[in-house]
Structure formats: C-alpha cells, structure tokens
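Colleague: Handing you this structure, nothing more for now.
The values are calculated or read from the model by the stated rules, or taken from the named source; none is laboratory data. Here the structure is a predicted model, which means the values were calculated and not measured. All Cβ positions, glycine included, derive from the backbone under ideal geometry; neighbour counts span all protein chains shown.
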Amino acid sequence: LGTALRDGPWKMIVKKGKAQLYDLRTDIGERNNIIDQHPKRAKEMQTAIKKWADEMQVEVDAQRRKK
C-alpha cells in the first residue's frame, strides 16, 4: 500500500518508504520522478501528507504509527 497526494498538476506518491514526485502537466504517465529537481515542492507535499495523516489518524505508506 502507499499514499498519494494531488495538488494541482503535482502528484506525490509515497510507497515503501520512498517518495516520488510528478508534474502531470508534462508527465501524465508518471514516468519521470522529479523529486530531486524540486526539493522545496517535495517538502511542502510531504508536510501536507503528514498533516493529513495526523488529522485523520491514519497510517501513511502502510507503516504503523507510533503513539
């Protein structure tokens, strides 16, 4: 299992502890992980995923959350 977040044209997928970032305007097939080229955007989306998971009290990337 994994977690995905879409924000406009940006899509982040977190699976098996690894994050992937795509710009769907130019890569609708999600073939080119551009996380290294956009570290600021990646951090913003990772923060949003964590905030959402905390609010919903759900597991991200199928890992058990520590209480």
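Colleague: Identify all residues within the stretch 25-67 that are of a type in the set (D, E, K, R), out of contact with any strand residue (DSSP E or B) (no Cβ under 6 Å at 6 or more places or on another chain), modelled with pLDDT of 95 or more and surrounded by 10 or more Cβ atoms within 10 Å (Cβ to Cβ); write none if there are none.
Modeller: Start the filter on the stretch 25-67 by keeping residues that are of a type in the set (D, E, K, R), which leaves 25, 27, 30-31, 36, 40-41, 43-44, 50-51, 54-55, 59, 61, 64-67.
Next, only the ones that are out of contact with any strand residue (DSSP E or B) (no Cβ under 6 Å at 6 or more places or on another chain) stay: 25, 27, 31, 36, 40-41, 43-44, 50-51, 54-55, 59, 64-67.
Then drop every residue that is not modelled with pLDDT of 95 or more, which leaves 25, 27, 31, 36, 40-41, 43-44.
Within the stretch 25-67, Asp27, Arg41, Lys43, Glu44 meet the criteria.
Colleague: Within the stretch 16-40, can you find the residues that are of a type outside the set (Lys, Arg) and assigned to a strand (DSSP E or B)?
Modeller: Ala19, Gln20, Leu21, Tyr22, Asp23, listed by residue number.
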